[in-house]
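The values are calculated or read from the model by the stated rules, or taken from the named source; none is laboratory data. On a predicted model such as this, the values are computed, not experimentally measured, just so you know. Every residue, glycine among them, receives a Cβ derived from its backbone with ideal geometry; neighbour counts consider all protein chains shown.
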Amino acid sequence: MAGTAVRGRLTWETATASAVRDETPTVRTIEFELPGWGGHRAGQHLDVRLTAEDGYTAEREYSIASAPGEPVAITVERLKDGEVSPYLTEELRAGDEIEIRGPAGGYFVWDGQDPRPLLLVAGGSGIVPFRSILRYREQTGIEIPVRLLYSARSLEDVIYRAELDQLSGGGVEVVYTLTRQQPPGWTGRSGRVNAGMLMEVAWAAGQQPVAYVCGPTAFVEAVAGGLVGLGYPAQQVKTERFGGTGES
Amino acid sequence: MSPVTRGFHGRRREAAGERGRVPPGQFVTQDFPVLSAGPTPHTPLDQWTFSIRQGGDTTMSWTWQEMRELPAEDVTVDIHCVTRWSKLDTRWQAVSIDTLLTQVEHQARYVLAFSDGGYTTNLPLADVTGGQAWLAFGFDGQPLAPEHGGPARLLVPHLYFWKSAKWVRGLELLQEDEAGFWETYGYNMYGDPWREQRYAGD
């Protein structure tokens, strides 16, 4: 099994923030200098540890936003009442050091070795691991066709919009659906992802696609269930859920 | 000793009722987050069984009704997910795994729990016996919701919660430890939250 190729023990390494970039009013991408990093696969995640002066520590997991071979980056959404995400999105600046350990997770990964058409369905910051996958596909010249269906509250909340628009074409179809607010003249889709939208946007089950779904629990439940309803075998629908705790 | 993170003060400190109950690297949540690798299966109760398998054969099996007629208990425990949330004083309605295994003759040393959807996870027999593990079908007095593993899930609260297999349909009794689903993807074979055994090698 591909996932068994795991290196030895994962150890905490000191990472230096080398660049920070605001993606939306509440979302920030942070790039790190991490000399000890042994590389990662598209779709994996890492652990972050922050330490206060009195020794108190807080740890969280984040999906890796950069492609294999690129400097390690994470994209963090600030959560209300959060502890780690407000620090990372508001306080941290280039030159600051935090601790990172990873990469972890060998299931929600895409190596481009599977020739089947790829369906990516993202809700909100669930887009993050897909940036890694799409950049990896672009950089390696893999020609496997991809459809990305990305649900966001409003156009302003779309993370990586310029980059996704740029990646669109050349075998990548990007479809946005805006759930709460659409700008005047919006010609994209509106409303939550449902069975009807999936039927129109997703690859037909007969094309034997493989699907990756990432977002908040209710979103993932609806989308994964919808895909199974369209005839996707459950084993071909990989899910990653987060948020909903309001605590990260 | 971890280096101090400039400008990080932390908001959360252990509350009085949490003292000694939150393993390292965890934080307490009041919610009940959901994590799983694929779509939620929905097995009708009249098709549900819980099986004990040995050497490829099913040596014992209970229907839903048979399982529900076994003595059940109310269990209040703290649970710890490897993704770092812990939830204290969760209340379950459950049948002890001891109750199930005493009806089976075996010399097993390990078990591999198997679930609808193909999920598996491995545990030492010693960790699912002796009043440490349950087949849980109720949460907070209600039937266990599908996204939380209903109709029934394993409940092994002293290990990280991925060991508490959702949608569980049985146990395979083994002589040798055999990696389950997450264990083949780099997670720890045992998963003790107090020793922070998250990944292989921890």
By residue number, the members of the stretch A:102-151 that are within 14 Å of another protein chain (Cβ to nearest Cβ) and either acidic (Asp, Glu) or part of a strand (DSSP E or B) (or both) are A:Gly102, A:Pro103, A:Ala104, A:Asp111, A:Leu119, A:Val121, A:Gly123
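Examine the stretch A:64-73 for a residue that is of a type in the set (S, T, N, Q) and within 14 Å of chain B (Cβ to nearest Cβ), and state whether such a residue exists. Please lay out each step first, then the result.
Filtering the stretch A:64-73 for residues of a type in the set (S, T, N, Q) gives A:66.
Okay, now just the ones that are also within 14 Å of chain B (Cβ to nearest Cβ), so none.
Taking every residue of the stretch A:64-73 in turn, none turns out to be of a type in the set (S, T, N, Q) and within 14 Å of chain B (Cβ to nearest Cβ).
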List pairs: first residue in the stretch A:9-29 and in contact (Cβ under 8 Å) with a residue 12 or more places away in the chain and within 14 Å of chain B (Cβ to nearest Cβ), second residue surrounded by fewer than 18 Cβ atoms within 10 Å (Cβ to Cβ) and outside any loop (DSSP other than H, G, I, E, B) anywhere in the structure, Cβ distance under 9 angstrom, at least six positions apart or on different chains.
A:Thr14/A:Glu97; A:Ala15/A:Glu33; A:Ala15/A:Glu97; A:Thr16/A:Glu33; A:Thr16/A:Glu97; A:Ala17/A:Glu33; A:Ala17/A:Glu97
Of the listed residues (A:Thr16, A:Thr11), the one being surrounded by fewer than 17 Cβ atoms within 10 Å (Cβ to Cβ) and assigned to a strand (DSSP E or B) is A:Thr16
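Is it true that some residue in the stretch B:102-111 is assigned to a strand (DSSP E or B) and either aromatic (Phe, Trp, Tyr) or touching a Lys or Arg at 6+ places or on another chain (Cβ under 9 Å) (or both)?
If we filter the stretch B:102-111 for residues that are assigned to a strand (DSSP E or B), which is where we start, we get B:110-111.
Among the residues that remain, those that are also either aromatic (Phe, Trp, Tyr) or touching a Lys or Arg at 6+ places or on another chain (Cβ under 9 Å) (or both) are: B:110.
Checked the stretch B:102-111: at least one residue is assigned to a strand (DSSP E or B) and either aromatic (Phe, Trp, Tyr) or touching a Lys or Arg at 6+ places or on another chain (Cβ under 9 Å) (or both).
Of A:Val220, A:Val213, which residue is within 14 Å of another protein chain (Cβ to nearest Cβ), surrounded by 20 or more Cβ atoms within 10 Å (Cβ to Cβ), among the aliphatic types (A, V, I, L, M) and not in a helix (DSSP H, G or I)?
The match here is A:Val213.
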Which numbered condition in (1) closer than 27 Å to A:Thr140 by Cα; (2) among the hydrophobic types (A, V, I, L, M, F, W, C); (3) in a strand (DSSP E or B) is the only one that A:Ala67 fails?
(3)
Under the condition of being surrounded by fewer than 20 Cβ atoms within 10 Å (Cβ to Cβ) and not acidic (Asp, Glu), which residue from the stretch A:198-209 is farthest from the chain's Cα centre (by Cα)?
A:Gly206
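Yes or no, residue by residue, for (1) touching a Gly at 6+ places or on another chain (Cβ under 6 Å); (2) among the polar types (S, T, N, Q); (3) within 14 Å of chain A (Cβ to nearest Cβ); (4) surrounded by 14 or more Cβ atoms within 10 Å (Cβ to Cβ):
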site: B:Val4; (1), (2), (3), (4): no, no, yes, yes
site: B:Ala16; (1), (2), (3), (4): no, no, no, no
site: B:Gly38; (1), (2), (3), (4): yes, no, yes, yes
site: B:Thr58; (1), (2), (3), (4): no, yes, no, no
site: B:Met67; (1), (2), (3), (4): no, no, no, yes
site: B:Gln93; (1), (2), (3), (4): yes, yes, no, yes
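Residue by residue, here is whether (1) within 14 Å of the chain's Cα centre (by Cα); (2) acidic (Asp, Glu); (3) more than 17 Å from B:Tyr110 (Cα to Cα) holds:
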{"site": "B:Asp140", "(1), (2), (3)": "no, yes, yes"}
{"site": "B:Leu173", "(1), (2), (3)": "no, no, no"}
{"site": "B:Trp182", "(1), (2), (3)": "yes, no, no"}
{"site": "B:Ala200", "(1), (2), (3)": "no, no, yes"}
Quickly run through the stretch B:92-131 and pick out the residues that are over 26 Å from B:Thr40 (Cα atoms) and within 14 Å of the chain's Cα centre (by Cα).
B:Pro124, B:Leu125, B:Asp127, B:Thr129, B:Gly131
Filter the stretch B:69-86 down to the residues that are more than 30 Å from A:Tyr62 (Cα to Cα) and touching a Leu at 6+ places or on another chain (Cβ under 8 Å), then identify the one that is surrounded by the fewest Cβ atoms within 10 Å (Cβ to Cβ).
B:Leu70
Determine, yes or no, whether A:Leu88 is assigned by TED's automatic domain parsing to the domain that holds A:Asp22 and surrounded by 22 or more Cβ atoms within 10 Å (Cβ to Cβ).
yes
Candidate set from the stretch A:86-101 (those that are facing chain B (nearest Cβ under 9 Å) and part of a strand (DSSP E or B)); member that is farthest from A:Thr239 (Cα to Cα)
A:Glu97
